[in-house]
Amino acid sequence: MEILSVGDVARVLSGVLEAEPRLRLVCVRGELGSVKAHPSGHFYFTLKDESAQIRGVMFRSRFRNVAFSPKDGDMVLVTGQVAFYQAGGQVQIYAEELEQLGLGAQLMRLKEIKARLEAEGLFRPERKRALPLLPRKVGIVTSSSGAALRDILQIARRRHPGQDLVLAPARVQGQGAAAEVVRALRRLAAHPGVDVIIVGRGGGSQEDLDAFNDEALVRAVAACPVPVVSAVGHETDITLVDFAADQRAPTPSAAAELVVPVQRELALRLWELRQRLGQGLRRSAERRRDRLAAALQRWPMRRPQEILLRRREQVQAATRLLGHLGRSGALRRRARLQAAQGRLGGLDPRGPLRRGYALVMRDGHGITAAGQLRPGDRIDVQLADGQASALVDRIETEEEVR
Amino acid sequence: MKFEEAVGRLEAIVQRLEAGGDDLEAQLRLFEEGVALSRSCEEILGAAEGRIEELLGDATGDVPEDLGSEDPRP
């Protein structure tokens, strides 16, 4: 068998591919990933579906004509030629045209999970808990070798050199990363003294951040008994974990700033409170003293004899007023009214009847003297509640009685 | 007591003393409580030693990862 050089194999491979008419002009539908716009102006990408992926490149001269800015997850239609890139040892598609087809399958899946968890209420604002002012220990879930950890440690040290930290390392990308993050989160939540947890990683491609869109991890963050601050990637990267976290930090550094207080500021606040505490009591004492002094300054304390004097004046004034009222018409008018009312009461003919007297009448005329009557006269005797008819039997005048 | 509970109570006491509605005896009691609270706050703030613990559970550390450290953005 002939011994070939690597270049020989590459050339054969190139020839085979070039000879295949179906690869000379292809139109491929797939999802973009690992996109990279090189400073040279060339555009590199991976095209994939559920079963396979292929590398691709679009040179500057062609990429200039692409109307949209392609990014990870975009569903696209690529037109071009498939060829073997000998120097790179890769079969790749040399794109001539790139068209956007709408949301990629992965983004669709993400949207579906998000809608479902949202409907469950996992992202509701009232679920968000406040972060502690001064955490006893800050839990950190990230890769022990990543830039995120370095950033967090640096910021934490600068803000509060005494801040205790607990790191639960976890792989933050690749197969099984989400499950590792979930386990790390649970270990931290169970660790005594951990009052808040930062979970995150540095920036990366959309695929790199995928672990933070994992449904089980999102649920674990929402269910975590300790407040969680998410810090995934850069400002513009948003993952589902960000929605479930109690607070989202744009970067790991920002998370450290949210979570770790500046020690000097707390110390200053305490100092201020102590000052105000002393001043508060002092001012109260001063106020009491001032009130006492003011009270002593008022006349009753300085000239107690005046109290008596003033009382006497009051009595005199009242007496004077009374006398004036008596002289004035008011009192007299009142007395006259009362007298008139009394007389009116006496004029009521039924008044005496109620007291037991009777009214004697003959033929409708009142009889006021015994001499007006003769024996045999028929008279009416009017009483308070009725009347009686009577026959006069005998007349006696006062003179006769006497 | 947690730091923020202590600071919260201390702030409430200071505000109450500053408002000055209580009688002398109550104010003295508040003052003493405030002093004790500010002491325990100081203690909590000074007690942290800046330790870093590591909770190992998964086999990690031996897999080098690109975690965006090449990215020039902070």
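Please treat every number below as a calculation from the coordinates, not as lab data. The structure displayed is predicted, hence computed values, not measured ones. Cβ: placed from backbone, ideal geometry, glycine included. Neighbour counts: every protein chain shown.
Measure nothing fancy, just the Cα-based angle from helix A:6-19's long axis to the longest principal axis of chain A, in degrees from 0 to 90, nearest 10. Once rounded, one gets 70 degrees. In plain terms, the C-alpha convex hull of the protein assembly as shown casts an average shadow of 61.3 nm² when viewed from every direction. Computed over the range A:1-62, the P(r) curve from all C-alpha pair distances, binned at 10 Å from the origin, holds 18, 33, 37, 11, 2 percent per bin. A cut-off of 5 Å between modelled amide H atoms, ignoring neighbours fewer than 5 places along the same chain, links residue A:136 with A:195. A quarter of the convex hull surface defined by the alpha-carbon atoms of the range A:1-118 gives 9.8 nm² as the mean projection.
Projecting the Cα atoms of A:391, A:364, A:375 onto the dipole axis of the range A:350-401, where Lys and Arg carry +1 and Asp and Glu carry -1 at the beta carbon, places A:364 farthest toward the positive end.
Based on DSSP, what percent of beta bridges with both residues in the protein assembly as shown are antiparallel, to the nearest 5?
Beta bridges within the protein assembly as shown, antiparallel portion: roughly 60 percent.
Fraction of C-alpha pairs exceeding 15 angstrom in the range A:350-401: 49 percent, rounded to a whole number. With viscosity 1.306 mPa s and temperature 10 °C, the Kirkwood radius over alpha carbon pairs of the range A:108-154 converts through Stokes-Einstein to a diffusion coefficient of 113 µm²/s.
Averaged over peptide A:186-196, the number of partner chain Cβ atoms lying within 10 Å of each residue's Cβ comes to 1. Note on the range A:130-199 and the range A:294-310: Cα centroid distance 73 Å, given to the nearest whole angstrom.
With only Lys, Arg, Asp and Glu charged, each at its Cβ (+1 for the first two, -1 for the last two), find how big the charge dipole of the range A:109-261 is about the Cα centre; round to the nearest 20 debye.
For the range A:109-261, the charge dipole is close to 460 debye.
Residues whose amide H lies under 5 Å from that of residue A:42, counting only those 5 or more places away or on a different chain, are A:60; hydrogens are built 1.01 Å from N in the peptide plane.
The alpha carbon gyration tensor of the range A:48-101 gives principal lengths a ≥ b ≥ c with a/c of 1.5 or higher and a/b no greater than b/c, which makes the shape oblate.
For chain A, what does the helix formula give at 222 nm: sum of -39500 (n - 2.57) over DSSP H segments with n ≥ 4, over the residue count, nearest 500 deg cm²/dmol? Let's see the in-between values first.
Working: 15 runs with 177 residues, N = 402.
After summing the helix terms and dividing by residue count, I get -13500 deg cm²/dmol.
Taking one quarter of the surface of the C-alpha convex hull of the range B:3-47 gives a mean projected area of 2.8 nm². Remark: mean inter-chain Cβ contacts per residue of A:277-287 equal 6, using a 10 Å Cβ-Cβ cutoff to other protein chain atoms.
When both the range B:26-58 and the range A:1-62 are represented by their alpha-carbon centers, they are found 63 Å apart. Rounded to the nearest 10 degrees, what's the angle between the helix A:305-327 long axis and the longest principal axis of chain A, both from Cα atoms, 0 to 90? That helix lies at roughly 50 degrees to the long axis. Remark: mean inter-chain Cβ contacts per residue of A:159-168 equal 5, using a 10 Å Cβ-Cβ cutoff to other protein chain atoms.
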